[in-house]
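S.K.: Quick one: the structure is below, questions incoming.
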Amino acid sequence: MTPVSLDYSNMLSPNLSGRGVEPQELEGALEERFHRAFQDVESRRESGEMGFFSLPDALEAARTVQELADGFAQWFENLVVLGIGGSALGTITLRDALLGPSWNELDEETREHYPRLFVLDNVDPRTVTALLDRIDVRRTLFNVVSKSGSTAETMAQYMVVEGRLRAILGEDPTRGHFLFTTDPSSGVLRRIAEAEGVPALEVPSNVGGRFSVLSSVSLLPAAVVGIDIFQVLEGARDMAQRCRTPILKENPAGILSTLLHQADVEQGAPIHVLMPYSDRLRSFAAWFQQLWAESLGKARDREGREVNRGPTPLPALGATDQHSLLQLLMEGPRDKVVLFVGVGGAEDPVEIPPVRPELPALNYLGGHTLAELLRTELDATREALRQGGRPNLLLDVADLTPRAMGELFMLLQVTTVLAGSLYGIDPLDQPGVELSKRLTYGFLGREGFQRPELGTGEHPWRV
């Protein structure tokens, strides 16, 4: 089995009591629709618009990242990434998936003397202060990640950290404690880096934040903590090649985008649940949430016509959320598709000992393993949904390796841009978030931005 495979049998009508897609449509109308989307994406890929496709082949840039990471890895006790959205979620996903959510709690020897990796992806003052009070900032490298160099949240974090370092060190700490990841030629971070000799990595100009996980944005932090970034890129390269075929039934991203788009526009299922059965992939579901929502939720199509379309992603975690969402998924509105992610290769499956053989409610568990139970829960949930005529898909991951993570990232990125073409919208822009940014700048008094009036007036309705 390949590291990542897609089972879409539970999207087809023979398995859903007549609901779902007729298999012959995958060689008819749906294949024709996919061909148009595929050609559109190929054209934009070849023009250089969709720069994320080229990242797995940017080996010189990856070697630069690795060399810089090797230089930093043994110098610092901690690496703290300052970023938000696409500047943070990929890094968190790689750390949690490949090192485990408890990496920072391990001792130095267990971590093989690689640093702890923290990500500050919000400006909640309690969270920021709690982290900065807990770590030795003198033994910490701060990686500031902002392509524009003007992201309000990230730059505020940067200023807080620089102020604290100045107070402790009594000198300019910028060169010795900061690394910038930003635009190749413009923005305030690039200017500071050039003026003060701060090491700086490039975010390619044709790669947007939510598509940047395979760039220096996430590869640098991953490399600093010992993740094999070249295996990540190799997995992404292999998946990109698998998704380059115009034959729908042989293209995993083509199948996934086509069926999810069809579920939304033809079957009234615009809510797409990503439900990995692995604690290590909880962050992956959050990464997908941004990718799917920000890419596909658009007011206008590429011709400027008002459409107000876009599926709603919902992250979940199995088996935990069987006890919170499954009742809704089974018997609530038929407006959801569940994309399960199953993971094999558990290093320690944890045997369940037969400690209570006299109790029928417990003795059936003895002799099995926790890994076996988790997979059985996944299979049982899929089957329950199928019997209820509820569509679902399965991404099977042979093991959580760097290569497999590269495949997963590339698969969902290609799926997203193909879905964008199927919807007729541009998956690369995000005009809906710009107004909020401008209002924030205005409220805080940034030069060139007018302070807005609150829509609630002088006396807001409140109780």
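S.K.: Has the stretch 304-313 got any residue that is at pLDDT 95 or above and assigned to a loop (DSSP other than H, G, I, E, B)?
M.R.: Step one: list which residues in the stretch 304-313 are at pLDDT 95 or above, which gives 311-313.
Adding the requirement that they be assigned to a loop (DSSP other than H, G, I, E, B) leaves 311.
Yes, because at least one residue in the stretch 304-313 is at pLDDT 95 or above and assigned to a loop (DSSP other than H, G, I, E, B).
S.K.: For E407, are the conditions met, namely being assigned by TED's automatic domain parsing to the domain that holds R300, among the charged types (D, E, K, R), in contact (Cβ under 8 Å) with a residue 60 or more places away in the chain and crowded, with 23+ Cβ neighbours inside 10 Å?
M.R.: In short, yes.
S.K.: Please verify whether T110 is out of contact with any helix residue (DSSP H, G or I) (no Cβ under 8 Å at 6 or more places or on another chain), farther than 30 Å from D228 by Cα and hydroxyl-bearing (S, T, Y), treating the condition exactly as stated. Walk me through it before giving the result.
M.R.: Numbers: out of contact with any helix residue (DSSP H, G or I) (no Cβ under 8 Å at 6 or more places or on another chain): yes; farther than 30 Å from D228 by Cα: no; hydroxyl-bearing (S, T, Y): yes.
In short, no.
S.K.: Spot the failing condition for L400; the list is (1) more than 26 Å from L248 (Cα to Cα); (2) surrounded by fewer than 22 Cβ atoms within 10 Å (Cβ to Cβ); (3) of a type outside the set (F, W, Y); (4) under 24 Å from the mean Cα position of the chain (by Cα), and only one is missed.
M.R.: Just one mismatch for L400, condition (2).
S.K.: Just to be sure I understand the filter: pairs with C-beta atoms under 6 Å, separated by 6 or more residues or on different chains, first member in the stretch 41-57 and assigned to a helix (DSSP H, G or I), second member among the hydroxyl-bearing types (S, T, Y). Which pairs pass?
M.R.: Going by the 6 Å Cβ cut-off, the qualifying pairs are V41/S421; L55/S215.
S.K.: Give the residue that is farthest from V307 (Cα to Cα), with candidates limited to residues of the stretch 410-444 that are of a type in the set (V, I, T) and surrounded by fewer than 16 Cβ atoms within 10 Å (Cβ to Cβ).
M.R.: Going through the qualifying residues, I end up with T440.
S.K.: Evaluate the stretch 96-107: report whether one residue or more is of a type in the set (S, T, N, Q), outside the structural domain of T401 (by TED's automatic domain parsing), touching a residue at least 24 places away in the same chain (Cβ under 8 Å) and assigned to a helix (DSSP H, G or I).
M.R.: Initial filter on the stretch 96-107 (of a type in the set (S, T, N, Q)): 102, 104.
Next cut, outside the structural domain of T401 (by TED's automatic domain parsing) only: 102, 104.
Among the residues that remain, those that are also touching a residue at least 24 places away in the same chain (Cβ under 8 Å) are: none.
No; the residues of the stretch 96-107 include none that is of a type in the set (S, T, N, Q), outside the structural domain of T401 (by TED's automatic domain parsing), touching a residue at least 24 places away in the same chain (Cβ under 8 Å) and assigned to a helix (DSSP H, G or I).
S.K.: Report yes if E383 is part of a helix (DSSP H, G or I), surrounded by 15 or more Cβ atoms within 10 Å (Cβ to Cβ) and modelled with pLDDT of 95 or more, otherwise no. Let's see the steps before the verdict.
M.R.: Details: part of a helix (DSSP H, G or I): yes; surrounded by 15 or more Cβ atoms within 10 Å (Cβ to Cβ): no; modelled with pLDDT of 95 or more: yes.
Criteria not met by E383.
S.K.: Would you check if there is a residue in the stretch 128-135 being modelled with pLDDT of 95 or more, hydroxyl-bearing (S, T, Y) and over 21 Å from the mean Cα position of the chain (by Cα)?
M.R.: yes
The values are calculated or read from the model by the stated rules, or taken from the named source; none is laboratory data. Note that this is a predicted model, so its numbers are computed, not measured. Every residue, glycine as well, gets a Cβ built from its backbone with ideal geometry; the counts of neighbours run over all protein chains shown.
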